Each structure stands twice: as structure tokens, then as C-alpha cells.
Amino acid sequence: MKSSALASGGLMISFSWLSSFKGPGLSGDSDLPDLPEQWHELTGYIKITPDNVVKIYNPNPEFGQNVMTTLPMIIAEELDADWQQVVVEMGPHDSVKLGPQFTGGSNSTRMYWKPLREAGAAARHMLLDAASQTWNVPIEELTTKAGMVMHGKSGKSGKYGDFAAKAATLVIPKGIKQKDPKEFTVVRHSKKNVEAAKIVSGKPLFGLDYKHEGMLIAMIEHPPSFGMKLKNFDATQTLQMPGIKNVFSLKLYEDGFELAGFDTRTFNDLLVVVGNTTWEVMNARKKLKVEWELVVETKETINNFGRKQEVVIPAGLPSSEEQHKQMQAKAKEPAALLRKDGDPETAFSNAAQILERTYNAPFLAHNCMEPMNFFAHVTDEKALLVGPLQAPGWTEPTLAKILHLPPEKIEIQMTRMGGGFGLRAYGHYLCEVALISKKIKAPVKLIYTREDDMTYGIYRPMYTATYRAALDANKNLTAIHVKGGGIPENAVHANRFPAGTVDNYLAEGWQLPSNITIGAFRAPRSNFAAAAEQSFLDELAEQMGKDPIEFRLELLKRGKENPVGKNNEYDADRYAGVLKLVREKSGWGKPENRKYSRGVAAYFCHNSYAAHVVDILMKDGKPYVERVFSAIDCGIVVNPDAAANMVEGAVIDGIGNSFYGKLSHKNGAAEQQNFHNYRMIRHSEAPASIEVHFVQNDIDPTGLGEPPFPPVFGAVANALYRSTGKRHYNQPFMDALLQQNNEPDNSTERAVDKKTDKANKKKAF
Amino acid sequence: MITLNINTKNYEVDVDPNTPLLWVLRDHINLVGTKYGCGVAQCGACVVHLNGDAVRSCVTKVSRAAGQQVVTIEGLSASNDHPLQKAWMELDVPQCGYCQAGQIMSAAVLLRENPNPTDEDIDNAMEGNICRCGTYLRIQKAIHLAAEMQRKGQ
């Protein structure tokens, strides 16, 4: 721990201590192991000027979850700073000073909550200590408010800035008492996005906006399909194009390179075009003459945070149709046992009725609005990298290896990200641009076009799951069986609800390898599991003659009072809490809501609880989600309006992806390349209203970016059933309807968006 | 040499006349508020005003803009005080923020031509602008709020 006085007389406090908060991991989702349980160092960064400006460095990458505002609010709260006088800056990549610095797993607020409170409280104490010494009064008699120190007895008061210089000479204290939530004046009080003014005036904030003297532009020509690689190329014509500097091939990882968990990359032999400007490189790429060849089956060693595994990447040019068939066949084979309670086999053989349903979902592309890009300037001595990414600390060790530089010689600067959704946790594009810069010995920015970005892979996996329920003659639920798998991971969270609420329960999982790369996509696996499970529970409740909310609450009551089995991941009370809140707020069962086709779903993931009621009406002959009611329990909500914004976004994201999301392949090639044939939810399709309600409690924040997303799929499916009279088992749900109406789905080219055309026909396009 | 008038300032650029206006703005004139999202007029991140009309600068050749009046997000207002910019900040619209310049530029043409837009008018005018984070609801409210500010002369 250290503090140092700045030459200017300001106070710079740098915190560094053992912090006893749980390591974040990706919340146990997927097969990713937990990250280290203890972060031994966590550092906040506060600077106070004599004129009382408080500068707070946001430690975590910003991708739209609003950490630039929310995390500094936590420091400002305990510091008792005047929010009007707080200036926020993005912190440097320095995990010793600023902690884990990764955006993912809904962890930003959750993992920084305690350390940032400790930092704020310690800094406040130092200022009090300095005031106490200056005024020669006992520290216990001092109070603070909005950046001021007060001594009630003498009536003295002073700005934090008055004491900053002295405070800087003091030892940073540990274990300072923090506020009771009742005393919060910043946290729980909505604060506006500190970067809003820059965003709405077009200031350079994003990676793609970054400029550097002498910077060149690079692009990579990827193989046209998975299962192919570069054989040879002729760049004669490309090199004759204006502005083109260089065309070359480059190997990303050497043979036998041991990949870390987030080193996923789709193609290893890179064909690179470098030029002066973006358009020149885009154009010149088209003149490349390239021969591609088939990849043979390969083996890779992956070291996923200490857990090594050999992975076989099959050869071939996969097609979605064929992969779907492979999955159906694999689903019939014996699978790995994930959990078993009671005697499910007997319960099913004694059942009076069995309900069995199978759910399917395709690959999804993340489609961040800002395509992948990064800047690098690599010399023999050091490397500077600037751009958008979620987890600099996961890619830096890999950069060190491939550049043969010590990590301290690698500086990664984090820009604001134009979306991430999990994709920017995979730093292959940093490694690519770093090697390109090293080779050409120049500063360069690598830019993926939309087509490069969409067809590159690292998709949400393809999934299928079959749910079965056994009912006795009195329609009592006696057993549940779920068996699910996917490409390339299983689809089941075995210890989640309804596990723990049914006497006889069986969960099984399987997986199929593929050369189509996959990665984390907003609430990995949960985003499918919730859709399947919550649709199934809805149908099951209907079969049992029960109200879908009441049915879930009955199960949760059992799970609370007399839980079955061990390792149940969820808290039955908090789960029931969001269902009860959404029931109340949506007017569930009220006659005035009868005109809507209503669907409900709830889910627990990433440590938080979410429930939605979705109301569908028909509009222009198509189902339209007009209203959504959301109830969320994520503990203390630091910045309520921004949190509501994120929930609204998750709801719209869920409607869009459940309706239209699909990335399919034919002979290894992506069938969607850009937004003309990858359908995204658009403005008119967003609900007219989304009401977001948070459960009020004093639980430390448990995360919000992902939890509201998965149950949207289930609620939409259940509302669609009531709207169309048909159950929807296969995502994207609108494919069936579009085909029925003889309209093109995502696998067919759509010339231009009709409404766009109409709306803009007068404009000069 | 092509002469461009952007945000009331004149620029001379030496580029291939087929270069999309987007890349001239971003790479040559260093106005990077106009964003690249798709390159094929599908997402709206690159919307600018050409003689007052909303155009997709990613498919607008720079030669078409020669000698015309171009306005980008940087030139929409003198001090970030266009009613839309104020409404966007008031309602805290952005999440990641990448698409918002394009959204605002599309909305600005709507508000100029239709100072009192209905929900349906907004739906139609904004259908070409994708927001991946899903801020559509707030965009809708912000356009209504900006319309109100505009009517009140704020």
C-alpha cells in the first residue's frame, strides 16, 4: 500500500490490499473453471485536486454496461464526494493497481463492489485524519458531506481539496467502517452516463476511432469457410492498387502452441493486406487471387486457467442441416450423467402420462455494432496496443509469448467498446494485429469488415435438449428428465431449478465437436437452457391444469422447505420473489389484460434472478411483443436508471434473437454475411413499453448484464403459443412463420429492408 | 482534388472519387463520429446529412458530395445543444453508444420535416438504424422529448 504526493500538491491515493471477495469466474457457466478464489491485490485510483475536483479511474472495460459511471459511483459513495465534482477517466491496464479488469460473466459491479467501497472509505478516512490534525480536533467529531469536512462544535468546514496534500502523506488505513445502505446518497440514486455528451457529439471514443501518427490499415482475408486454410496466393494485382503497402501471409500461433482459455481463433494462417486507408485496403482485397485447401483433423492443447485438455478439431465443411441430423442421432446415444436424484427410471416406468418435448437452437453471431478491430505498434523493445476488448489480462500473457516480450513491456489501452456480448473476451484480433505490426515494423490498425466479423466464428453454440416429465394418475409431477447437448458443449445446467424441487430427477449431457469455433455469448448456455426449460415448464403446467406462475411457486416452495439433493445452485426465496413481483406488476390474471397473449418465464443465472411477462398482440399479421414486465433481483442496484436501461436492452435482445437470430452454414460457409441477410430486431419491433422492477434488498450486487436475457426466450415462446396456438420448439421462432407467409428467412438473401427503403425513398441513397 | 463542405468548413481531399464519403470523413478528414457498421446501407451507423437529406455515407460516393453541404454529428449543433442531443442525455439513451450518432442524424431529419411525429412516424423513420444494445424504447422517448423541446423553442 502506498500513497504519494503529486508535485501539484494534489492527492493521489493508490490502494492495494488483500481483499476477501470471492473470485469471479464466469459464474460457473459453461465448462469454464473458476478463476482464482482470492485476488490478493485490488487497487482503486483516486486523485483530488486542491480545487476539490475528484478524479476517479474506472478500472473495468466499458462495453455498454455503464461501468464508467457505475463503478466510480461506488467509490464516490464511500468517499462522500460531491458527484458534481467527480471526473471519471478510463484507468490503464494495471491489474496490480486496478484489480481483475475484465468485463464478462455479469461480474463488473459484483467483483468491484467491496474493493471500491474499501477504497472510498479509506480515502475519506485519510481526509478526516488530515483535517483532524490541521484543526487539532478529535477525528470522531468530524463529519463529511458532498466533498466537505465539517466540525460541528467549532463550526469549521473545509473542502476535501484543502486537506488533500496532507492526506497524501498519511498511511492508507485498512478496515475502515463502510456506510449502512440506508445512508447511501450516490449509490441507488440514478446518475447519468458520464460519457453521454461525448457519445451524442461524435467524439472519438471507440477503438475504430483511434488514430496514431503513421498508422497503416490492415485487413485479413479469411478462408471462405470453416475447414479450409490458405494454400497460396497471388497478390500481383492487389499490390498495384493505390495505397497498398504490403501483402503477406503470417502464422498466428506456432505449431504446438498451448492455447489459453480465451485464445480461441478460427484461422491460423493469415493472409494480410496492408495499406494507407480503409477503403483502399477493402478494395484491394478484392483483387487477391487465393487458393484455399482443406484442413485435416487437428489436435490442440488448451490450458484453461490451469486445466489442460486435448481437443480434436475435426476436418470437413460443415452444413447446419447435416449438423442438426448429427445432433439428433447423438441425442439418442447414452450420455454423461450430470445429476440424479431418487429413482427417475421407476418413476417414468410407473407414469400415467409422460410429456416429452425437444428444443433446438442455432449458432448465433454476436454482431457487435463496432466490428472487431485493434491498433498495435510493436517494436523490438515494447508493444502498445489500443482498442476495444473485454479482458486485457487474459490476452496479455499470450501477446507476451508470441511477441517474445516480457508482459511489462506490453501496454494495452482500453477504449470504449461498440458492444461486446462475450465476443471481445477472445483476443485473437490483438494477437493478429500485434504480429502484423511486428512484421511491417509500423503502427497499424487491423479492421474486420462486417462480413469478416460475422463469418469468423466464435458463435453462440448450437444446442438441443429433450425434456421429459412423468405424471401420475392424479396429474402429480413425479419425475423430470433432461438430456441436452450441442456443438461443441452440453446444453444443461444440471443443478439449476427445477432440480431440487422434484423427487426423481435425471440430467444428462453430451457434446459434438466441430471446426466451427464458439465462444461466450451473453449468458452462455443459460440463453438456451432457459428457453427450453421455461417453455417446457409452461407446457407441463398446462398439462397439469395449473397456472404457470403458481406451478413454479409450488415447486420453489418444495425446493425451499424440503429440497431434493445437494448442490442446488439457486436461492428458492429470491427465485420466487421475482415471480411474485412480476405477477403483481403485470396484473397477471387481471381481466383487463385478456386482450394480450401472455407468456411468463423466470430464470437464475450469473448469481441473479429475473422474471418476465411478455404480452403479444398481432400487428400487420405478425406477432408483436407490445409490452414486457420485468422483475429482477440483483441485490443492491447501484445506478437504477442505467440498470433499467440494461434490462430493457436484454429484453429487446432476447426478443430479437428468439425471433430472428440464426447463423447457419452450407459446405462450411456462413449463409449470413451482413445485416441484409442476418436479421436484427429493428426499431418498430421493440415493445411499446418495458416496465422494469427491482426487488429491494440489501444484498451486495450480484450482477445484471446477463441474467435478464435468458428468460426472455422462454417468455416469448410461451406468449407465442397463446398467440398462434402452436408451441414453438425451434429457434428462431419466426422462421416457421416467415416461411408460412412465404417471406424469406435468415438463410435467404433479403435485398434491402423494405421499411428502410420506404422510409428513405425520398432521401438520396 | 475534390472540394467538400462539411459542417460549413471547406476541405480539399485527394481521393478516388468512388471512395465512400464515410471513409473520407473518417480516414482523411478525421471526423470519426460517423460510424462504420455494415458498409451496405443496412444499419444506419453512418448516416450524415447531404443537403439536408439523411444519406448512408458508406454507400455515398464522395464525388456525389462534392460542392454539396454535408453535415455530420460533429456539426449538428454548435455546443451539443440540438434538442435531440439534449433529449438523448436527459433520458440517458446510450448503452455502448456506437450507433447513437447515426440514430440522432436520422432523427434530426425526421424532426425537421415533421416537428410533431407520432409513434408510427418515428418507427418508419428509424427502421433503418440498428441498435444492437436495444435502446430503441429510449430512442423513441427521446425523439418525442426533443420534439417537445423544439416546439417550446428550447
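Here are a few things to note about the model shown:
- Normalised contact order of segment B:2-75, rounded percent, pairs of Cα under 8 Å and 6 or more residues apart: 40 percent
- Working note: Cα gyration tensor of the protein assembly as shown, eigenvalues times five, square-rooted, sorted largest first, giving semi-axes of 40, 37, 30 Å.
- FRET efficiency estimate (nearest 0.05) - Cβ-Cβ, A:Glu345 to B:Val59, R0 60 angstrom: 0.45
- Take every DSSP beta bridge whose two residues both sit in the protein assembly as shown; close to 75 percent of them are antiparallel.
- Among A:Ile549, B:Ser57, A:Leu205 the positive-end extreme of the charge dipole of the protein assembly as shown (Cβ point charges): B:Ser57
- Cross-link check: pairs A:Lys445/B:Lys35; A:Lys97/A:Lys198; A:Lys145/A:Lys179; A:Lys211/A:Lys401; A:Lys211/A:Lys289 evaluated at a Cα-Cα cut-off of 23 Å; pairs beyond the cut-off: A:Lys97/A:Lys198; A:Lys211/A:Lys401; A:Lys211/A:Lys289.
- Residues A:Lys382 and A:Glu258, FRET efficiency given R0 of 22 Å [Cβ-Cβ distance, rounded to 0.05]: 0.35
- The Rg/Rh ratio of segment B:83-151, with Rg taken over Cα atoms and Rh as the Kirkwood radius over Cα pairs, comes to 0.91.
- Net charge of Cβ neighbours under 10 Å - reference A:Lys666; Lys, Arg +1; Asp, Glu -1: -3
- Net dipole in debye of segment B:11-140 [+1 Lys, Arg Cβ; -1 Asp, Glu Cβ; about Cα centre; nearest 20]: 260 debye
- Per-residue ellipticity at 222 nm from helix content only, as computed over the protein assembly as shown with -39500 (n - 2.57) for each DSSP H run of at least four residues, stands at -8500 deg cm²/dmol.
- Other residues lying with their Cβ under 14 Å from the Cβ of A:Asp380 contribute a combined charge of +4, Lys and Arg counting +1, Asp and Glu -1.
- Spin-label pair A:Asn667/A:Met150, simplified geometry with 7 Å Cα→Cβ offset, distance in nm: 7.7 nm
- Taking segment B:82-116 and a reference point 7 angstrom along Cα→Cβ of A:Lys619, no backbone N atom is nearer than 18 Å.
- Chain A: DSSP helices with Cα axial extent of at least 15 Å and average Kyte-Doolittle hydropathy no lower than 1.0: A:67-79
- Among A:Ile681, A:Ile636, A:Tyr729 - extreme Cα towards positive end, dipole of segment A:462-740, charges at beta-carbon: A:Tyr729
- Calculated FRET value between A:Asp180 and A:Phe305, using beta carbons and R₀ = 25 Å, to 0.05: 0.10
Values quoted throughout were computed directly from the atomic coordinates according to the rules given, and no laboratory measurement underlies them. What you are looking at is a predicted structure, and each value in this text was computed from that prediction instead of being measured. Glycine gets a Cβ as well: all are built from the backbone with ideal geometry, and neighbour counts include every protein chain shown.
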